[in-house]
Structure formats: structure tokens, C-alpha cells
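S.K.: Take this structure, written in C-alpha cells, and hold onto it; I'll ask about it next.
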Amino acid sequence: MNRLAYQYVVLRCVPRVDREEFLNVGVVVYCQAADYLQVAWQVADDRLRALHPALDVDQVRDALGFIEGVCAGDGRGGAAAGHPIGQRFGFLKAPKSTVIQPGPVHGGVTTDPAAQLQHLLGCLVG
């Protein structure tokens, strides 16, 4: 089995930055050796509304759809989607002041980046 190094960031929904509260809503996994960049996400409306009742959950889903587009390199990701895969991950892991923010970058090794993404989603978001 080929062990591949990968990096990941957890995507956080931060409805009010001033309160420093967030919920994990997704994970982005990047594996350069496998030319792999994907996101998996889950939005629990009730949990997000418990954190901030006025939050526009559809806006959260739209932001996550944008991230899907960046990962896939398609039109949903705007101009960022047209860059090479490593630059797209760099864009996604950069700190932002939007409602969806990346956490710190972590790394590991895996034989299957797609399976690792689903594992991380289950452990960190589910």
C-alpha cells in the first residue's frame, strides 16, 4: 500500500466573530501526491440556529457550495477555481472573516484520501 501525505482543514461556521463561538460544518482534504482536493460537509440547521437564531442557513450552504466549486475547479468556485490544485487549497486554508472559516491546517498519511475525508467528517463534524 502506498502511504500518501495529506493536509486538511476543518471548516467552521462562525455566525458572530465577537462571541468566538463556532460549529464544525465541513472538512477539506488536500493530497498533492494523489492530485486530490475535496470537501465534505454537513449542515445541522437546528444546531446552527441554537448557536445564532438569526443565521441564514441557506447562506451557509451557499458558501459551502462555493468551496465545493473551488475544490472541483468548476464555475461555482469563481476565479479561485481556475488555479492549480495546490493554490486552490492555499485559498481555502487562508484565514477569512466570513461566516465559514478554516481552522488550523493539520496533516497525516493515508492510503485513500477519499476514505480519509469521510472518516474526518464523521469524527470532526458528525
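S.K.: Give all pairs with beta carbons closer than 7 Å in which a residue from segment 67-90 that is more than 15 Å from PRO102 (Cβ to Cβ) meets a residue that is of a type in the set (S, T, N, Q); count only pairs at least 6 apart in sequence or on separate chains.
M.R.: Pairs that qualify, where the first residue is more than 15 Å from PRO102 (Cβ to Cβ) and the partner is of a type in the set (S, T, N, Q), are GLY86/GLN32.
S.K.: Scan CYS71, CYS13, CYS31 and give me the residue that is over 22 Å from GLY108 (Cα atoms), touching a Leu at 6+ places or on another chain (Cβ under 8 Å) and open to solvent by less than 50 Å² (accessible area, probe 1.4 Å).
M.R.: CYS13
S.K.: Taking only segment 42-56 into account, find how many residues are within 16 Å of the chain's Cα centre (by Cα), open to solvent by less than 80 Å² (accessible area, probe 1.4 Å) and either under 9 Å from CYS13 (Cβ atoms) or at pLDDT 95 or above (or both).
M.R.: Selection size over segment 42-56: 1.
S.K.: While we're looking at this one, here's another question. Please find, within segment 77-100, the residue that is surrounded by the most Cβ atoms within 10 Å (Cβ to Cβ) out of those that are outside any helix (DSSP H, G or I) and among the small types (Gly, Ala, Ser).
M.R.: ALA94
S.K.: Step by step: first the residues of segment 1-38, then only those that are among the charged types (D, E, K, R) and closer than 25 Å to THR98 by Cα, then the one that is nearest to the chain's Cα centre (by Cα). Which residue is that?
M.R.: ARG12
S.K.: Would you check which residues across segment 115-126 are modelled with pLDDT of 95 or more and in a loop (DSSP other than H, G, I, E, B) and list them?
M.R.: Matches in segment 115-126: VAL125 only.
S.K.: What are the residues in segment 63-79 that are touching an Asp or Glu at 6+ places or on another chain (Cβ under 9 Å) and farther than 11 Å from TRP41 by Cα, if any?
M.R.: ASP74, ARG76, GLY77
S.K.: Inspect all residues belonging to segment 101-114 and state whether any of them is part of a helix (DSSP H, G or I) and either more than 26 Å from ASP56 (Cβ to Cβ) or open to solvent by less than 70 Å² (accessible area, probe 1.4 Å) (or both).
M.R.: yes
The values are calculated or read from the model by the stated rules, or taken from the named source; none is laboratory data. Owing to the predicted nature of the structure, the values given are computational and were not obtained by experimental measurement. Here Cβ is always computed from backbone atoms with ideal geometry, including for glycine, and neighbour counts include all displayed protein chains. Surface areas here come from the heavy atoms of the whole protein model, side chains and all, with no ligands, DNA or RNA. Shrake-Rupley method; radii C 1.70, N 1.55, O 1.52, S 1.80 Å.
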